[in-house]
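These notes concern the structure reproduced below.
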Amino acid sequence: MRAISCFLLALFAAAAGASAEPYAYVPNEKSASVSVIDTASDTVVRQFPIGERPRGIAGGSGRLYLTDGKSNSLLIVDSAAGKLERRVKVGDSPEGVSLSADGKLLAVAVEDDNVVTLLSAPAAKELARIKVHGKNPEHAVFSPDSRWLYVSAEDAEQVDVIDVAARRQVASIPVGKRPRGIGFLADGSRAYVACELADKVYAIDVASHKAIAEIPAGQYPNGVAIHPDGKRVYISNGRDGTVMAIDVASNTVSGTVAVGKRPWNMALTPDGGKLYVANGRSGSVSVIDTGRFEKTGDIAVGELPWGVSIR
């Protein structure tokens, strides 16, 4: 009887999971864990230990891909079970990780090696280690068509452009000092890059790989998230403790919202209705209603949350 009850309970949990709202997965770098937030209730429904220093995160097809800065690895995690499937060495001090739109490729920015490691997904088989010109690359982000990787580096004033098919860098785009977060419009026509020490955001024309606008930001702009309707870009300002919205049509700031301390990387729900902001020094995630552009709450997570992936 007990076995039957457990079986029925498992079926119920699976059915509930299938119809649940998307979950927000938050890697906590200092507490070596991932917090899982139900975006329907905006509550943490579970937290599981993972790695030694989880940082970058991407997800798709029932898996999470996390960089571990301590073990120099990419961690492949079953997102439903919160269990490590395997780890793959990618180089010294990996940070940002990106999954291509078709789910077939992974790109990991490896800071100390000044490379982007390109891997297959979900097997995480290494395909190439691509040298970049900028030092300490933090993010390597696929364009929507997976043709390009845009790479930001902490010790640079440029965004490096990798031709994915050719497996090599083909251009550098001058921007401000210490480029960090990168986001592409869904149609792939434009990218936005936050430059932390310049206090500016740069809009880049992807066809020409040239900056077409410099947008004044708050202090230490860092994370970038782009609304699926292509009309708004969200930027976290680390020193200000704010998130600002940029109107894409005019490339001007349309509003600012206060969040937690040291907001970093962010993610939107698939419908674009909510923005989740990792506040590194607050140990929290702020939730912003994008329609009203107001903060609706703060969710306590682990120590030093790095970013958010919503699946």
Qualifying residues in the range 211-249 (those that are within 18 Å of LYS177 (Cβ to Cβ) and more than 21 Å from the chain's Cα centre (by Cα)) - the one most open to solvent (accessible area, probe 1.4 Å): GLU214
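Quickly run through the range 200-249 and pick out the residues that are aliphatic (A, V, I, L, M), outside any loop (DSSP other than H, G, I, E, B) and under 21 Å from GLU154 (Cα atoms).
Answer for the range 200-249, where residues must be aliphatic (A, V, I, L, M), outside any loop (DSSP other than H, G, I, E, B) and under 21 Å from GLU154 (Cα atoms): VAL201, ALA203, ILE204, ALA211, ALA213, ILE215, VAL224, ALA225, ILE235, VAL243.
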Residue by residue through the range 174-183, note down the ones that are open to solvent by less than 10 Å² (accessible area, probe 1.4 Å) and either assigned to a loop (DSSP other than H, G, I, E, B) or within 12 Å of ALA153 (Cβ to Cβ) (or both). GLY176, PRO179
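Quick check: anything in the range 164-171 at pLDDT below 95, open to solvent by 10 Å² or more (accessible area, probe 1.4 Å) and either assigned to a strand (DSSP E or B) or charged (D, E, K, R) (or both)? Break it down into steps so the answer makes sense when it comes.
Of all residues in the range 164-171, those at pLDDT below 95 come to none.
No, the range 164-171 has no match at all.
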I'd like the residue in the range 1-48 that is at pLDDT below 95 and outside any helix (DSSP H, G or I) and, out of all such residues, is most open to solvent (accessible area, probe 1.4 Å). MET1
Log entry, pairs with first residue in the range 186-213 being of a type in the set (S, T, N, Q), second being assigned to a strand (DSSP E or B), beta carbons closer than 9 Å, six or more apart or on different chains, reads SER189/ASP205
Of GLY59, GLY82, GLY69, GLY51, the only residue that is buried (at least 22 other Cβ atoms within 10 Å of the Cβ) and modelled with pLDDT of 95 or more is GLY51
Hits in the range 184-199 - residues which are outside any loop (DSSP other than H, G, I, E, B) and open to solvent by 10 Å² or more (accessible area, probe 1.4 Å): PHE184, ARG190, LEU197, ALA198
I need the full set of residues from the range 50-94 which are touching a residue at least 60 places away in the same chain (Cβ under 8 Å) and in a strand (DSSP E or B), in order please. PRO54, ARG55, GLY56, ILE57, ALA58, GLY59, GLY60, LEU64
Restricting the search to the range 122-144, which residues are aliphatic (A, V, I, L, M) and under 17 Å from the mean Cα position of the chain (by Cα)? ALA140, VAL141
Inspect the range 145-158 for any residue being touching a residue at least 40 places away in the same chain (Cβ under 8 Å) and touching a helix residue (DSSP H, G or I) at 6+ places or on another chain (Cβ under 7 Å) and give the result as yes or no. no
Would you be able to tell me the number of residues in the range 114-130 that are closer than 12 Å to ALA153 by Cα and open to solvent by 30 Å² or more (accessible area, probe 1.4 Å)? 1
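The values are calculated or read from the model by the stated rules, or taken from the named source; none is laboratory data. For clarity, every value in this text was computed on a predicted model and none was experimentally measured. Positions of Cβ are backbone-derived with ideal geometry, glycine not excepted, and every protein chain shown enters the neighbour counts. Quick note on the areas: whole protein, heavy atoms, side chains included, nothing else; ligands and nucleic acids left out. Shrake-Rupley method; radii C 1.70, N 1.55, O 1.52, S 1.80 Å.
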